[in-house]
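Okay, so here's the structure we're looking at.
The values are calculated or read from the model by the stated rules, or taken from the named source; none is laboratory data. The structure displayed is predicted, hence computed values, not measured ones. Don't worry about glycine lacking a Cβ; one is built from the backbone with ideal geometry, like all the others, and counts go over all protein chains shown.
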Amino acid sequence: MTVEILPLGGLGEVGKNMTALGFDGKYVIIDMGVRLDSIMAFEDAEIGEMSREELININGIPDDSSLRNRRVRAIVLTHGHLDHIGAVGKLAHAYDIPIYGTPLTLELVKHVIREERTFKPKNELRTVMPGDSVEVDDIELEFIPAAHSILQTAFIAAHSADGTVLFASDFKFDEEPLLGYKTDRACLKKLAKDGVLAALVGAIRIDEPSPTPSEGHVKEMLQETMIEASSAGKAVLVTTFSSHITRLKSIVDLSFELGRTPVLIGRSLRNYCTAALNLDLVDFPPELRIHGRPNAVHNLLREVEKSREDYVLICTGHQGEPTSVLSRIANGQLPFKIKRGDGVIFSASVIPNPINESNRELLETKLQAQGGSIHRDVHASGHAGRVGTKEFLELVKPEHLIPCHSTMDKLRLMADLGRELEYPSGNMHLLRNGSCLRLSG
Ligand SMILES: [Zn+2]
């Protein structure tokens, strides 16, 4: 009996994560993501309007052709980032099977499906609470709590008669996550005790030698920066990932501590916050204003402009996205102007690709030309670096190690770590999208 591992996206690249695991000829799909930099490279690209073929051709979504005639039993989603769920609207309809995920992940999937224009996926959405398991045929799918930069992230342990495969692409060990849960070490230890045949482990930050700071530490950094930026008469703007509810909560709380009223502006901020609020995952004060529609955004910005020192403007634009609120402010397209001495805090690092890098540089140049004072990188990653990855491997002790979710240079760096941990070379596998690894259970 063999276990098959078929990566369809996310290997040798960052984005469009999708992997199929095969047990005795029955398959489970883990994640269906998009590759945003490929899509952004095409001006005016509207993913909802594009066909599956078009998107595969521009390397925007995984090519799942090799799976179409196989016995696929479930689509399982690890978390709600678009590089893990963004292709559900394009691909899931071809499989008449349920989609499993944690409540927030599925809430965000509903949004992806609503935005879809070319297909109407009708897959049943089945909620799995973090820490719970579901049976699909004779495969048990266990959702293990993992800390990451979006709430309700899970590792997926697929248990079968032929062995357990653990999918662990996005996680960090965070002793002070502020919201949500810590990565469940006890559960990982138990897996190790029962034996893990193979683990797919994300390598995106493996080149970072120091431990990834906690969200608690980021809140302290933000507090310092916001106090520094908040001089009399000056505006304070903060931008971060719209999906990072924990970070947004820190910024909202710190704004009140400064005696300023936080307001959240931008369509994606509204979408993610609404999803988290609907599920009671965050307790924003009821009077907190979160606006995404153009009229509401304009009205609120006019109000902030009149009384700049009374507000903290939390907005989209951390990667310099041209249609974001911050870019439109810098372009003079909104009724709020940057003035000399206003503080602009980027609570995010630049996701390294040429489009983001040039967008962000352009945005910063404009903001500075208007007198804005820029504070960069008030941020910590949601991914384990080398230290966290080593701890993970020492805890789980998978028999086979498959680095995933990164460019080839970083997959190789994880293999170097594997060698240091005395993995035999035959038990480490540098796979490519479209390949198939067969392991004996
Ligand atoms: Zn992620």
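Hey, can you tell me all the residues within the range 59-80 that are among the polar types (S, T, N, Q), away from the ligand (no atom under 16 Å from the Cβ) and in a loop (DSSP other than H, G, I, E, B)?
Matches in the range 59-80: Asn59, Asn69.
Of the residues Arg35, Arg52, Arg117, Arg70, which single one is surrounded by fewer than 18 Cβ atoms within 10 Å (Cβ to Cβ), closer than 20 Å to Asn433 by Cβ and of a type in the set (D, E, K, R)?
Answer to the selection: Arg70.
Output the residues belonging to the range 389-405 that are within 17 Å of Ala186 (Cβ to Cβ) and in contact with a Ser or Thr (Cβ under 9 Å, 6 or more places away or on another chain).
Correct list: Phe392 only.
Go through the range 159-175 and count every residue that is touching a residue at least 60 places away in the same chain (Cβ under 8 Å) and away from the ligand (no atom under 16 Å from the Cβ).
Selection size over the range 159-175: 6.
Out of everything in the range 386-441 that is of a type in the set (Ser, Thr, Tyr) and not in a helix (DSSP H, G or I), what residue ends up being surrounded by the most Cβ atoms within 10 Å (Cβ to Cβ)?
By that ranking, first place goes to Ser406.
Let me confirm something: among Ile338, Ile355, which residue is modelled with pLDDT under 95 and either assigned by TED's automatic domain parsing to the domain that holds Glu309 or surrounded by fewer than 16 Cβ atoms within 10 Å (Cβ to Cβ) (or both)?
Answer to the selection: Ile355.
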